[in-house]
Amino acid sequence: MMKKDAVIVNVGAGFDARFSRVDNGKICWVDLDLPDAIAARRKAFPERERVTMLAGNALESDWCRPVQETLAGRTAKPVFIAEGLFMYLTLGQIRTFLEVPKANF
């Protein structure tokens, strides 16, 4: 069961529209993808309250600070979704990705 004040980070979001299916009116959602993918996503999806479209590389830690700011004042820990991402990464890149949230959250 999802916590009411959860922060979900959808890594490699692409055109995933899961937020609209699971929104409980309180969660915050971060769609993270490479800059070109986020630019295309902004054209396809409207801006929504509690949804942040964040351009960044999942293998680098630059995206962590905006997510940490989203977490401010919330009791829930972030939930990371990476469905559809790992098939595009090497085993070494997957390990690198897993170290990024481990070191920052």
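The values are calculated or read from the model by the stated rules, or taken from the named source; none is laboratory data. Everything quoted here is computed from the prediction, not taken from an experiment. All Cβ positions, even for glycine, are placed from backbone atoms using ideal geometry, and neighbour counts span all protein chains on display. Just the protein is used for accessible areas: all its heavy atoms, side chains included, with ligands, DNA and RNA removed. Shrake-Rupley method; radii C 1.70, N 1.55, O 1.52, S 1.80 Å.
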**Request:** Considering only region 15-59, state which residues are β-branched (Val, Ile, Thr) and open to solvent by less than 20 Å² (accessible area, probe 1.4 Å).
**Result:** Ile27, Val30, Ile38, Val51
**Asked** Any residue at all in region 2-14 that is open to solvent by less than 30 Å² (accessible area, probe 1.4 Å), of a type outside the set (Phe, Trp, Tyr) and at pLDDT below 95?
**Response** yes
**Message:** Can you report the number of residues in region 90-105 which are under 23 Å from Arg18 (Cα atoms) and either touching a helix residue (DSSP H, G or I) at 6+ places or on another chain (Cβ under 6 Å) or without any contact (Cβ under 8 Å) to a residue 12 or more places away in the chain (or both)?
**Reply:** 2
**Message:** Can you list residue pairs whose Cβ atoms sit under 8 Å apart, with the first residue in region 12-26 being of a type in the set (A, V, I, L, M, F, W, C) and the second being exposed (fewer than 11 other Cβ atoms within 10 Å of the Cβ)? Count only pairs 6 or more apart in sequence or on different chains.
**Reply:** Phe15/Ala44
**Asked** Which of (1) more than 23 Å from Asp5 (Cβ to Cβ); (2) of a type outside the set (S, T, N, Q); (3) assigned to a helix (DSSP H, G or I); (4) touching a residue at least 12 places away in the same chain (Cβ under 8 Å) does Pro66 not meet, given it meets every other one?
**Response** (1)
